[in-house]
Amino acid sequence: AEARLMDSLETISDGFLLVDAQDNVQLWNRRYMEIFGEAADGDISDIVREGMQFLDMIRAGYERGMFKPHPDGAEAWIAARREARKSVSAQLEMELSNGQWLLINERGMFDGGRVSVYTDITEFKRREDDLEAARARFEDAIEALSSGFVLFDAQDRIVVCNTKYRDYFPELEDMVALGTPFVDIIRTGVERGMFPAAVDNPDEWMTALLERRAKASGIREQHMENGLWLQISDHRTKDGGIVSIYTDVTELKNREAELRAQSAILEATLENMGQAISMVDADLNVVMFNQKFLDYFNFPAEDFKRGFHMSQAFRLNAERGEYGEGNVEEQI
């Protein structure tokens, strides 16, 4: 039975160690010796011996340079291992001096002994480090954006966002968190009066917003209660999520409002002048005129909108005989 047990232990790819109720080393396999022999860069048969106390064995291994140095020295490292072994079962990750990572699973047995299994997870840790590095680069990239960035998963829950996005919604600081659904964020914003357009009919406004968002295409604008104007661009990801870009266009909207106001003043001024006035650009497009201009020439308002070309006016005059007899095209 013991021979069959040893044969079985030698076939597994994990290191194996068994200690008795007094924490004396009783049994181990070849893989256990290989793992720690590689870390110690040599033979460790003088350290791993039957009947040796487990903590004495790992102390000797620490002194042999088998493990990553503890910032507080060997005794602190031994104390941490002793504390971990107090529980009936324990699981911990450990990096050896050669860069190898181990997952150690320890279990107490019915007779008071303890069995430990050492699994090499070095490749997993490297992939984990690569993924963490990629995530860090991604987060650095979105933090460098001048616009707000937020990514939602296929269930429309927040996956990640940058600081700029959070800055746009300071009243929703408690809602902008990993896993929060988009609809909950918007509903809370409506309840807190953040969206002026939603005041009169919140339910209708939310329904229209969610329908448009579901298409995840095009650009929409959002006016905030604090006066901020955001331009929002939604794009569907390959896995069914949505990435949204929020750009502050408040200054642009304010300039547009100023231009509209100035244009209204100019139009009012033109309409109250006694003369017919028109303004033509370098390409002969009529960019500004008053009603008297249309009245004087008897131009129908439905046909002559701002931006019409002067050739249109010349053609109408020529066809009506305003320029006398002759070829219409030549007259134009």
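The values are calculated or read from the model by the stated rules, or taken from the named source; none is laboratory data. A quick note: this is a predicted structure, and the numbers were derived from the prediction, not measured. Positions of Cβ are backbone-derived with ideal geometry, glycine not excepted, and every protein chain shown enters the neighbour counts. Heavy atoms of the whole protein, side chains included, go into the accessibility calculation; ligands, DNA and RNA do not. Shrake-Rupley method; radii C 1.70, N 1.55, O 1.52, S 1.80 Å.
Please verify whether the stretch 256-272 includes one or more residues that are outside any helix (DSSP H, G or I), open to solvent by less than 90 Å² (accessible area, probe 1.4 Å) and either within 30 Å of Gln222 (Cβ to Cβ) or not polar (S, T, N, Q) (or both). Break it down stepwise before answering.
Quick first cut of the stretch 256-272, residues outside any helix (DSSP H, G or I) only: 272.
From what's left, open to solvent by less than 90 Å² (accessible area, probe 1.4 Å): none.
No, the stretch 256-272 contains no residue that is outside any helix (DSSP H, G or I), open to solvent by less than 90 Å² (accessible area, probe 1.4 Å) and either within 30 Å of Gln222 (Cβ to Cβ) or not polar (S, T, N, Q) (or both).
Hey, among the residues in the stretch 214-224 that are open to solvent by less than 30 Å² (accessible area, probe 1.4 Å) and of a type in the set (A, V, I, L, M), which one's nearest to Glu171 (Cα to Cα)? Full working, then the answer.
Within the stretch 214-224, the first condition is being open to solvent by less than 30 Å² (accessible area, probe 1.4 Å), and the residues that meet it are 216, 220, 222, 224.
Within this subset, residues satisfying the condition of being of a type in the set (A, V, I, L, M) are 216, 224.
Values: Ala216: 25, Met224: 11 Å.
So the residue we want is Met224.
Can you pull out every residue in the stretch 175-208 that is in a helix (DSSP H, G or I) and closer than 19 Å to Thr237 by Cα? Talk me through it step by step, then tell me what you get.
We begin by selecting, within the stretch 175-208, every residue in a helix (DSSP H, G or I); these are 182-191, 196-198, 202-208.
Listed by number, the residues that qualify are Phe182, Val183.
If you take just the strands (runs of 3 or more DSSP E) that sit entirely in the stretch 1-107, which of them hold at least 3 residues that are within 28 Å of Phe124 (Cα to Cα), touching a residue at least 60 places away in the same chain (Cβ under 8 Å) and touching a Ser or Thr at 6+ places or on another chain (Cβ under 9 Å)? Show your work before the answer.
On the way: elements: 15-19, 25-28, 89-95.
Hits in the stretch 1-107: 15-19.
Report yes if some residue within the stretch 190-212 is modelled with pLDDT of 90 or more, within 30 Å of Arg137 (Cβ to Cβ), surrounded by 12 or more Cβ atoms within 10 Å (Cβ to Cβ) and in contact with a Phe, Trp or Tyr (Cβ under 9 Å, 6 or more places away or on another chain); otherwise report no. So far as the stretch 190-212 goes, no, none of its residues is modelled with pLDDT of 90 or more, within 30 Å of Arg137 (Cβ to Cβ), surrounded by 12 or more Cβ atoms within 10 Å (Cβ to Cβ) and in contact with a Phe, Trp or Tyr (Cβ under 9 Å, 6 or more places away or on another chain).
Looking only at residues that are over 20 Å from Ala39 (Cα atoms) and surrounded by fewer than 16 Cβ atoms within 10 Å (Cβ to Cβ) in the stretch 109-129, which one is farthest from the chain's Cα centre (by Cα)? The extreme case among them is Asp111.
Within the stretch 41-67, the set of residues being among the charged types (D, E, K, R) and either more than 45 Å from the chain's Cα centre (by Cα) or crowded, with 16+ Cβ neighbours inside 10 Å (or both) comprises Asp43, Asp46, Arg49, Glu50, Asp56, Arg59, Glu63, Arg64. The residue of the stretch 273-312 that is surrounded by the most Cβ atoms within 10 Å (Cβ to Cβ), among those that are small (Gly, Ala, Ser) and within 20 Å of Ile332 (Cβ to Cβ), is Ser278. Scanning the stretch 26-40 for residues that are open to solvent by less than 30 Å² (accessible area, probe 1.4 Å) and either modelled with pLDDT of 95 or more or within 45 Å of the chain's Cα centre (by Cα) (or both) returns Tyr32, Ile35, Phe36, Gly37, Ala39, Ala40. Among the criteria (1) part of a loop (DSSP other than H, G, I, E, B); (2) over 30 Å from Leu172 (Cα atoms); (3) open to solvent by less than 40 Å² (accessible area, probe 1.4 Å), the one Gly227 does not fulfil is (2). Note on the stretch 276-311: residues that are in contact (Cβ under 8 Å) with a residue 24 or more places away in the chain and not in a loop (DSSP other than H, G, I, E, B) amount to 6. A Cβ distance below 7 Å, combined with a sequence gap of six or more or placement on separate chains, defines the contacts here; from the stretch 157-174, residues that are part of a strand (DSSP E or B) reach residues that are among the hydroxyl-bearing types (Ser, Thr, Tyr) in the pairs Arg157/Thr180; Ile158/Thr180.
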